[in-house]
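Have a look at the structure below before the remarks.
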Amino acid sequence: MEMEEFAAGDSWVHKLDPRVKILITLIFSIVVALNNHVSMVAISLILPVSLIICARLDFRPLLVRLGIVNGFILFLWLFLPFTTPGEIIYTLGPLTVQREGIHQALLITVKSNSIVLMAIAMLGTSTIFTLVHALSHLYVPDKLVHLFFFCFRYIHVIREEYFRLSNAMKIRGFRPRTNMHTYRSYSYLVGMLLVRSFDRSARILQAMKCRGFRSRFYILHHYEMKSHDYAVALSSAAFSAFILVFI
Amino acid sequence: MIRLRNICFSYAGREILDNLDMDIEASDRIGLLGANGCGKTTLCHIIMGLLTPTSGIVEILGKPMVSESDFAQIRGKIGFMFQDSDDQLFCPTVIEDVAFGPLNLGQTPEEARKTVRRTLKTLRLDGFEDRITYKLSGGEKRLVSMATVLAMEPEFLILDEPTTGLDEKTTETLIDILKESDLGYMIISHDRQFVKKMADKLLQMKDGKVCPSDWNNMKM
Ligand SMILES: Nc1ncnc2c1ncn2[C@@H]1O[C@H](COP(=O)(O)OP(=O)(O)O)[C@@H](O)[C@H]1O
Ligand SMILES: [Mg+2]
């Protein structure tokens with residue numbers, strides 16, 4: 001999966017101040033997560049959906065993302081309706097379907113989709129690096145910010161390392177089968193990946209030291225709140241407050 | 001500028017450097033040649049303080065280098081380019097990567113931006129500011145690595161196999177840039193043409209030692 005597929009674009013949603021994006025996503029998520037009325041949570045969908053429309057995001061990758069989330073939620077639908085004690089609305093042989101369980105499952109489904117859509121609309125439309133900078137502007141501790149950034153940055157390197165190794169195996173005629181040779185080769189692959197990534201991280205630290213790194217990151221871009229940042233921040237906050245009132 | 005005395009170093013009992021002595025002046029333009037795996041990269045890492053020798057003295061600008069903080073002081077003065085550019089570049093965009101060194105040296109973001117622009121220009125990399133570093137081609141990565149080193153305005157350069165993976169045109173660019181600058185440097189390379197053009201002084205590494213050499217008795 002492409003990692004920053006929604007970040008390219010030039011709508012006003014993309015250009016919002018990343019600090020605003022992070023804060024309103026956070027507030028919105030908390031408010032939605034706390035709310036226990038299916039109808040109110042359903043209404044909360046208005047905000048992320050309209051933001052996504054404004055950002056003119058591609059629908060296909062969006063559906064793929066939602067598919068992943070709802071794949072997990074599917075499991076809840078397999079269990080919750082049958083196991084939550086409550087009013088029985090349907091009997092299916094030895095199984096009984098309870099109203100309470102249906103309600104719970106529905107609530108979780110709508111909540112998750114609303115929050116995920118909000119995250120895609122707000123966080124997905126910025127590059128990771130912008131978000132990282134914004135986090136340090138929001139006084140998130142340096143260590144956490146660095147951890148977050150390097151995790152993202154080096155997933156790519158490890159992925160490339162993996163392709164390099166697996167290509168090296170393929171060009172010498174390796175085809176996975178169910179035998180000892182396959183298992184051994186795969187364990188070498190994983191082992192090499194670990195060792196190489198470790199070595200690489202050590203070399204990167206060395207390279208950073210050679211360029212005067214002393215455990216402190218300096219930021220090149222500074223942000224400035226513009227009038228439309230304030231407008232969006234205020235209206236989203238008002239919307240969140242509206243949902244909070246009907247908690 | 002750099003003085004090494006009786007440097008010994010071994011990896012897991014295998015001796016790589018054996019009582020190595022070396023003197024480098026700030027204005028030297030050195031080519032260092034040696035067989036694969038003879039310890040050239042190891043030597044550079046010892047000069048930069050990334051590896052600690054088992055014995056011997058590293059002296060830079062007349063001061064013995066003992067602790068990490070001694071080395072931290074001089075790393076802005078000696079620019080070191082790694083053999084593998086993927087180790088050197090770690091920021092998402094070129095501008096941020098090149099600005100990393102200058103910001104560490106205390107430049108303000110505005111000054112750093114200017115430095116980046118100037119450095120990219122000298123390397124014929126105008127317009128690369130917002131390119132994504134890990135999506136650059138091998139040769140472009142190499143030049144950007146070079147930019148990250150030059151942006152710190154070092155007094156001396158150590159380049160570990162700078163021409164590996166560069167096409168002729170880019171190699172020419174690199175030659176021009178180094179010739180135009182009045183920096184001293186030490187280049188490690190297998191590219192004999194390149195070394196011939198670049199170096200006034202030839203050194204050869206053999207059996208864990210460095211000795212002066214010239215083209216006549218080079219039989220590589
Ligand atoms: N991390 C390491 N652990 C053990 N041996 C190493 C390590 N790095 C390099 N070596 C060994 O040290 C020797 C010198 O390596 P290096 O300095 O990279 O050679 P060169 O740059 O001259 O090709 C090589 O034989 C190599 O196998
Ligand atoms: Mg080497």
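Quick notes on this structure:
- Segment B:144-175, residues that are away from ligand 1 (no atom under 16 Å from the Cβ) and within 12 Å of chain A (Cβ to nearest Cβ): B:Ser145, B:Ala147, B:Thr148, B:Val149, B:Leu150, B:Ala151, B:Met152, B:Glu153, B:Pro154, B:Leu157
- Among residues of segment B:36-61 being without any contact (Cβ under 8 Å) to a residue 60 or more places away in the chain, within 18 Å of B:Gly79 (Cβ to Cβ) and not in a loop (DSSP other than H, G, I, E, B), the one that is farthest from ligand 2 (Cβ to nearest atom) is B:Ile60.
- Checked against the criteria, B:Lys197 counts as surrounded by fewer than 17 Cβ atoms within 10 Å (Cβ to Cβ), away from ligand 1 (no atom under 16 Å from the Cβ), assigned by TED's automatic domain parsing to the domain that holds B:Gly49 and not hydrophobic (A, V, I, L, M, F, W, C).
- Neighbours by Cβ (under 6 Å, 6+ apart or cross-chain): first from segment B:6-18, of a type in the set (A, V, I, L, M); second not in a strand (DSSP E or B): B:Ile7/B:Pro53; B:Ile16/B:Gly39; B:Ile16/B:Thr42; B:Leu17/B:Gly39; B:Leu17/B:Gly208
- Scanning segment B:104-162 for residues that are polar (S, T, N, Q), within 30 Å of B:Asn36 (Cβ to Cβ) and either more than 16 Å from the chain's Cα centre (by Cα) or not in a helix (DSSP H, G or I) (or both) gives B:Thr133, B:Ser137.
- One residue from A:Leu144, A:Leu117, A:Leu135 being free of Cβ contacts under 8 Å to residues at least 12 places away in the same chain and either in contact with a strand residue (DSSP E or B) (Cβ under 9 Å, 6 or more places away or on another chain) or not in a strand (DSSP E or B) (or both): A:Leu144
- Taking first residues from segment A:47-75 that are at positive phi and partners that are outside any helix (DSSP H, G or I), the Cβ contacts under 8 Å between residues at least 6 apart in sequence or on separate chains come to A:Arg56/A:Gly9; A:Arg56/A:Ser11.
- Complete set of residues in segment B:1-43 that are out of contact with any helix residue (DSSP H, G or I) (no Cβ under 7 Å at 6 or more places or on another chain) and under 14 Å from B:Asp160 (Cα atoms): B:Ile30, B:Ala35, B:Asn36, B:Gly37, B:Cys38, B:Gly39, B:Lys40, B:Thr41, B:Thr42, B:Leu43
- Just one residue in the set A:Arg196, A:Arg159, A:Arg203, A:Arg164 is of a type outside the set (Phe, Trp, Tyr), part of a helix (DSSP H, G or I) and within 16 Å of ligand 2 (Cβ to nearest atom); that residue is A:Arg203.
- Qualifying residue in segment B:68-79 (condition: touching a strand residue (DSSP E or B) at 6+ places or on another chain (Cβ under 6 Å) and within 15 Å of B:Leu159 (Cβ to Cβ)): yes
The values are calculated or read from the model by the stated rules, or taken from the named source; none is laboratory data. Values in this document were obtained by computation on a predicted structure and should not be read as measured data. Positions of Cβ are backbone-derived with ideal geometry, glycine not excepted, and every protein chain shown enters the neighbour counts.
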